[in-house]
Amino acid sequence: MSRVIRGRAIVEDDWTLAVEAPARSAAAGKLIVPLARWRAERAALLASAAAVGVLLPNTEDVEAVYPLLADRPLIALQFPTFADGRALTQAVLLRNRLGYTGELRALGDVVRDLAFWLARCGFDALVPRPDQDLQACRQALDEILVAYQPAADAHDPVWVRRRARAAG
Amino acid sequence: MYRYDATDRELLRQRTEQFRDQTRRYLAGQLPEDDFRQLRLRNGLYQQRHAPMLRISVPYGLLESAQLRRMARIVRTYDRGYGHFTTRQNIQLNWPRLEQVPDLLAELAEVQLHSIQACGNDTRNITSDYLAGVADDEIVDPRPYCELLRQFVTLHPEFYWLPRKFKFGFTGATVDRAATRTNDAAVHVLRRDGAVGYRCFVGGGLGRLPLLGQEMNAFVPEPDLLMYACAILRTFNRFGRRDNIHKARIKIVLREWGIERFRAAIEEEYAKIRSSAEGERLRLLPEDIERMRGHFSAPPYRPASEVAADVTGQAARDPRFAAWLKRNVRAHRMPGYRVVFVSLKAPQRAPGDCTAAQFEALAELCDTYSFGELRSTYDQNLVLADVAERTLYALWGRLDAAQLATPNIGLTTDITACPGLDFCGLANAGTIGVTQDIYRRFDSLDAQYEIGPIRITMSGCVNGCGHHSVGHIGILGVAKHGEEWYQVTLGGSPGHDAAIGERVGRALARNEIADGVERLMRAYLTLRSDDDETFIECYRRAGIAPFKSALYGSESDSETVAA
């Protein structure tokens, strides 16, 4: 079983990415399926799997498809390369605009030097690229502890902090 | 001048250490080249012809003496004794060594300078009016808004990995001195019925497809600056093309969608932000703007009775001072003060270059004569914005001694140019040699004064860093059969009358280009209706045809003649 960084911990991954339906009915487990499969096989997946998460292409309009995803325990977003930031906007919208509270997982070209940006945009699970050192990736989540602007994490905007400082 | 507080300093310190670790890993072979490339670009490091180029952001073109002294030390320690001011008001170093860059950045951070997002597909340094705060046509000082936006976009996690670079340009005046509409987004700060707001343009950009930004919103209310910026950047991040680097700027989205659909997308996102909790956090309160405005308050001007002077006597005795006074000094809105332009276009110098000794001299001069501050301009010169009339003659003498008083601001030899083939890995043709050819041709100041205001701009390749597309005379270097050739465009302008220049015809060879420019000048002097009609006004009235005939001499047109 591969490992995943969840929260600030490195844990065994209990989810399986199931891009296509298996030839024979798969062992029950926690499956991450592409959005197209989720649309087509929703009832069957819910009946057979222990849990179902959904993988979105980074070109998907998350607001439009959110009704299909709102009750999912996990949404996986993709980084074809770490410099392709489309999934960062998807994550921010899921967290801030749509109020999604389940696991938000980053898949693909997930490297140590992307971890900090992922954490700020609301990802709470990372599956790093195979060549990456997991400990280093975990530490990089908090690489910079100061932020100017709000995102999908706990940082208040700097102008709000300065208001408080001026007041008190 | 914006002063860093503990938050700003700590953020910059942690960022500098982040890059130090990335560089260490790369040099130790622990970080693949392709991964490191993305990281170094976002710290201002661009691979050039001979060495990495380090671009240092100068936020909205504002510098102070401590920063200039530090630049002098840095170009001596880490480079070859000079730096280069760019068309985006930044400073570039051409010879740093990668292993020393983390130390260099740490030295910059001590004087609140940095290279964050100076290159790469992110939000770049914000440019602005170099006369902000002193221009007599100013409606609102744009600098507090520039700094509020600078902080918003700095290390913004959602917009750190954009499809392509994204540039903001600001003005708060009626004359656009920052080429704002050549930016991906232009923000014009203005008043309507007494309330401050922003007229926003989107989709400008030079390079292969030069376009001017189009108006997206005529009046975004003052508290909504960051919301509207967020709406633009989010729309770009979602819909900008990532399949072709040449089609990745936001201007391509606008062109492919058409302005109505594009505007609707931005306005819809803006409306969603505005009505949500996200909007609440982004909304600026009057106290936020007031606090930021406090960083840019006017310097302690002295009464006119103490600083005003009649310099006509000095000018009458010294014609060189008179020429400088006429060409490099402008009116100031405070009685008794003047705005002084520092020319970085001396003979035998690459446009925009500044030596360590000049950085030091400028530090000293701005401390002595201009409240410790200096501005960099869009056309690669510098400005001492608040000089007392009584000190003009003394200041001129010291600028002259430092070769910073060439009286050519806005004239033929005030050429804007990128570094070209001599330095840049992208360039197809040299620029510095051509500027020298043109310089020699018009070395006589009388000839330049006869021609009057003109903007000659030159880029060594189609990426257009020298802004050739918006020059009255634009020169673009191209490679043909391994030789350097030059295409000429006419009629471009970066200001409130912004226009993209029109290509005249076939390219000229290296040894023809200075002659060609001279023939264009002669044509103008013949064609102009009177001495007051400038080159660009004459071109707009007379059209391209007579200039085309002049450029190519007796040849018929052109494309058939091209090799």
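Here are some pairs, B:K165/B:K345; B:K247/B:K272; B:K167/B:K247; B:K251/B:K548; which of them have Cα atoms lying more than 19 Å apart in this structure?
Numbers: B:K165/B:K345 29 Å; B:K247/B:K272 28 Å; B:K167/B:K247 16 Å; B:K251/B:K548 30 Å.
Going by Cα-Cα distance, B:K165/B:K345; B:K247/B:K272; B:K251/B:K548 fall outside the 19 Å limit.
Counting only residues 5 or more places away or on other chains, whose amide H sits under 5 Å from the amide H of B:N217 once H atoms are built in the peptide plane?
B:C200
What net charge do the residues around A:A49 carry, taking every other residue with its C-beta under 13 Å from that of A:A49, with Lys and Arg at +1 and Asp and Glu at -1? Could you put the intermediate results ahead of the total?
Details: positive: A:K30, A:R37, A:R42, A:R72; negative: A:D14, A:E41.
Net charge around A:A49: +2.
Average partner chain C-beta neighbours within 10 Å, per residue of B:278-287?
Details: counts 7, 0, 1, 7, 4, 2, 2, 3, 0, 5.
Taking the mean over all residues of the peptide, I get 3.
For segment A:50-64, in order, what is each residue's ³J(HN,Hα) by Karplus, 6.51 cos²θ - 1.76 cosθ + 1.60 with θ = phi - 60°, in whole Hz (x at glycine and Pro)?
With the stated coefficients, segment A:50-64 comes to 5, 7, 10, x, 10, 9, 9, x, 7, 9, 6, 7, 5, 5, 5 Hz.
Say R0 is 25 Å: what FRET efficiency, to the nearest 0.05, do B:W257 and B:A277 get from their beta-carbon distance? Walk me through the intermediate numbers first.
Values: r = 29 Å, r/R0 = 1.15.
With a Förster radius of 25 Å, E is 0.30.
I need two numbers for segment B:304-401: Rg to one decimal and Dmax as a whole number, Cα atoms only, in Å.
Reported Rg and Dmax, both Å: 13.2, 41.
If you average the alpha carbon positions of segment B:115-158 and of segment B:361-430, how far apart do those two centres end up, in angstrom?
The two parts, judged by their Cα centres, are 21 Å apart.
Measure out, as a whole number of angstrom, how far apart the alpha-carbon centroids of segment B:211-278 and segment A:119-168 sit.
25
On the principal axes of its Cα set, how long, how wide and how thick is the protein assembly as shown? Give whole Å, largest value first.
On the principal axes, the protein assembly as shown reaches 95, 70, 56 Å in Cα extent.
What trypsin sites (Lys or Arg not before Pro) in segment B:444-539 are in a loop by DSSP, with at most 15 other Cβ atoms within 10 Å of the Cβ? Could you put the intermediate results ahead of the total?
On the way: sites: B:R455, B:K480, B:R503, B:R506, B:R510, B:R519, B:R522, B:R528; in loops: B:R455, B:R506, B:R510, B:R528.
Nothing satisfies the criteria.
Show the residues, 5+ positions off or on another chain, whose built amide H is closer than 5 Å to the amide H of B:S57.
So B:S57 has HN proximity to B:H114, B:S115, B:I116.
What list do you get for B:M334, B:M458 if you sort them by fewest beta carbons within 10 Å? It would help to have the intermediate numbers written out before the result.
On the way: B:M334 19, B:M458 29.
With the fewest neighbours first, B:M334, B:M458 line up as B:M334, B:M458.
Nearest 500 deg cm²/dmol is fine: what mean residue ellipticity at 222 nm does the protein assembly as shown get from its DSSP H runs of n ≥ 4 alone, each adding -39,500 (n - 2.57), divided by its residue count? Don't jump to the answer; show the numbers that get you there.
Numbers: 26 runs with 266 residues, N = 731.
Using -39500 (n - 2.57) per qualifying helix, the result is -11000 deg cm²/dmol.
Across peptide A:36-44, how many C-beta atoms of other chains are within 10 Å of each residue C-beta, on average?
Working: counts 0, 0, 0, 0, 0, 0, 0, 0, 0.
Per residue, the number of nearby Cβ atoms from other chains is 0 on average.
Tell me, what is a quarter of the convex hull surface for the C-alpha atoms of segment A:102-168, in nm² with one decimal?
Across all orientations, segment A:102-168 yields a mean hull projection of 5.2 nm².
Please compute, for peptide A:154-161, the average count of beta-carbon atoms on other protein chains lying within 10 Å of each residue's beta-carbon.
Working: counts 0, 1, 1, 8, 9, 14, 3, 2.
Mean partner-chain Cβ count within 10 Å for A:154-161: 5.
Per-residue HN-Hα couplings for segment B:480-496, Karplus 6.51 cos²θ - 1.76 cosθ + 1.60 at θ = phi - 60°, whole Hz, x for Gly and Pro?
Values, residue by residue: 9, 6, x, 10, 8, 10, 9, 8, 10, 10, 10, x, x, 7, x, x, 5 Hz.
Values in this text are rule-based calculations from the coordinates and carry no lab data. Worth saying up front: this structure is predicted, and the values here are computed from it rather than measured. Neighbour counts run over all protein chains shown; Cβ positions are idealised from the backbone, glycine included.
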